[in-house]
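These notes concern the structure reproduced below.
Values in this text are rule-based calculations from the coordinates and carry no lab data. What you see is a predicted model, and the numbers here were worked out from it, not measured in a lab. As a convention, Cβ positions derive from the backbone with ideal geometry for all residues, glycine included, and neighbour counts pool all protein chains shown.
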Amino acid sequence: MSGKNVLLIELREAKNKKQIDVALEANLSQGFYSKVENGKKRPSLQTQRSITKVVGGNCRNLWPDPRPDDIDGVPRRGGKRPPRMKN
């Protein structure tokens, strides 16, 4: 992971919220949210949306590079494409 998510921190501070406030509103632990802000964890797309609802902004600006398991919009597990459905 890269360094701190400065934009996320700025948005949180602009709303006069502490990490624990954002974490509780987004249904996360404060420890996990701290790791997200510090660039140590990359949240799932669902968690990104939850955080964005609390602090404002948009997911593409807060997390601009795609997750390695969601590069083309197809969720993957272990880097493999899901099996095709038979007609």
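The table below gives the values:
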read-out	value
Largest-first ellipsoid semi-axes for the stretch 6-62, taking √(5λ) over the Cα gyration tensor eigenvalues, angstrom	13, 13, 11
Within-12-Å neighbourhood charge of Lys18 [Cβ basis; K, R +1; D, E -1]	-1
Distance (nanometres) between label positions extended 7 Å along Cα→Cβ at Leu45 and Lys18	3.4
Inter-label distance, nm, simple model (7 Å from Cα along the C-beta direction), Asn61/Gln30	2.8
